[in-house]
Amino acid sequence: KSLSKNGNYPKTFEDIKNEIAGYY
Amino acid sequence: DIAKAIIDLAVHGKAQNRSYERLAVFTDTIGPRLSGSKNLDAAIKYMFSALQKDGLENVHLEPVKVPHWERGEEFAMMLEPRNHSIAILGLGNSVATPPEGIRAEVLVVASFDELHRRAHEAKGKIVVYNQPFVSYGETVRYRSLGAVEAAKVGAVASLIRSIASFSIDSPHTGWQNYQSGVPQIPTACISVEDAEMMSRMSCRGTKIVVYLKMGAKTYPDSTSFNTVAEIVGSKYPEQIVLVSGHLDSWDVGQGAMDDGGGAFISWEALSLIKDLGLRPKRTLRMVLWTGEEQGGVGAEQYYQLHKENISNFDIVMESDEGTFKPSGLAFTGNAKARDIMKEIMALLLPINVTEVYDTADGTDINFWMRNGVPGASLRDDLSKYFWFHHSQGDTMTVQDPNQMNLCAAVWTVVSYIIADMEEMLPR
């Protein structure tokens, strides 16, 4: 599962921003 | 280039105007779709077939029990101080008048406070509410509670100024609720014009007498269906991004705006993704709710049926406030999720629809949001929405194909990217 059971969110926001930018 | 490809296809490419054209065929063919009606059954059958023909996956219907109320013959006439035909629309769930109708003097009030102050004047009268339109959320309580409050002080019926921000003598209907232990009196909406006129007459001390006849009937709950279609996820198929609108409508107009537009841009989102040959990591699920107008009846039963799976719902999205020129999305979720939404909305800069507002709103998605699932609702130009809402004016004529293209692009880009990102939105 991409969301861990304890609700932690392992990626940094910078990682996520870069991932989203990939959809441009 | 995926966001650009979606925008190009939806706004400039082969799919432009498709959601509008589909909605026009649907509404012209089926017409209004009141909960419990044969029209709504026909609408659901139509969509089931259309979604299958579109090549979507897991097209199915989920049964729901919905209220079945039918409007009968309706008639209102001012008898004193002069004869004047009053345009009315009975409110959903209203009881009928006796077969001979009700003839009574009118008490006009501008608020519940005024009604309570003048309670001693209300017995045996028809209460007319002439409350000003402040906002839908604030003013709609006069529609939902007007009959109950009037009955508590002994009124025999209530006529409620339509919840509308503009009027051309058009009554606007909607659901209303009775309370146990309070007599059920007939209740209908009247136009802003007639409410204001009776208020002016009353302020001058003129006696007003109205004759009201309504033939509403309430039947046992009937079976209806939430309509579901999917694009199954490639990597996390058990995880869900839900896009939605409601298929039922009121029994006047065509329900093109409320909520045909929202339902059909949700369908368009799945169609665009399929047309582009995309398959997100998570399952993109469209739900066309039934019985929304009676208080999210289909959505509540859907929630009860699927809530054990709540940890797999990534986001719930609903468009139920028009599909006019969009400005962005309203979002409910934590700060981290909101930051992610802002990044996603930045992809919509080419069509200048990038705002992320506070607090998503949607009767059908509230059950999920209240329990921690992030939610989003479409924000668009609402300036004319309540001109047409729940009235004969809610037809295809108020819809604009270019605006629907933009709404579909927003809906598709956001739902696809959230469904395709490596991780679910934090909650």
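Throughout, read-outs are computed from the coordinates displayed, never taken from laboratory work. Because the structure is predicted, anything quoted here is derived from the model rather than measured. With ideal geometry, Cβ positions are generated from the backbone for all residues, glycine too; neighbour counts draw on all protein chains shown.
Structure notes:
- Projection of the Cα convex hull of segment B:286-385, averaged over all directions and equal to a quarter of that hull's surface, yields 6.8 nm².
- Cα shape, segment B:95-144, gyration tensor, a/c 1.5 rule: oblate
- Cα-only Debye scattering, segment B:45-99: base-10 log of I(q)/I(0) at q = 0.16, 0.28, 0.30, 0.31 Å⁻¹: -0.71, -1.12, -1.18, -1.21
- At the listed q of 0.19 Å⁻¹, the Debye profile of segment B:141-212, built from one uniform point per Cα, gives log10 I(q)/I(0) equal to -0.82.
- Under the Debye formula (equal points on every Cα, no solvent term), log10 I(q)/I(0) of segment B:218-363 at q = 0.12, 0.13, 0.21 Å⁻¹: -0.55, -0.64, -1.59
- Sequence-distant lysines (8 or more away, or on other chains) whose Cα lies within less than 24 Å of B:LYS384: B:LYS325
- Most simply put, chain B has about 55% antiparallel DSSP beta bridges, counting only bridges with both residues inside it.
- Isotropically averaged projected area of chain B, using the convex hull of Cα atoms (one quarter of hull area), nm²: 20.2 nm²
- Bridges between two residues of segment B:185-324, per DSSP, are antiparallel at a rate of about 30%.
- Across the protein assembly as shown, Cα-Cα pairs farther apart than 44 Å form 18% of the total.
- Ellipsoid equivalent to segment B:197-301 - semi-axes via the Cα gyration tensor, in Å: 45, 17, 11
- Cβ-to-Cβ counts within 10 Å put B:ARG22, B:ARG33, B:ARG379 in ascending order as B:ARG22, B:ARG379, B:ARG33, the fewest first.
- Sites listed here are GluC sites (Glu not before Pro) in segment B:1-99 whose DSSP assignment is loop and whose Cβ has at most 10 other Cβ atoms within 10 Å: B:GLU73.
- The protein assembly as shown - share of DSSP beta bridges that are antiparallel (%, nearest 5): 55 percent
- Proximal lysines to B:LYS307, defined as alpha-carbon separation beneath 21 angstrom and excluding residues fewer than eight positions away on the same chain: A:LYS1, A:LYS5, B:LYS65
- Taking amide hydrogens as placed 1.01 Å from N in the peptide plane, the amide H of B:LYS325 sits under 5 Å from those of B:ASP381, each at least 5 positions away in sequence or on another chain.
- Kirkwood-based Rg to Rh ratio, segment B:1-130, C-alpha trace: 1.19
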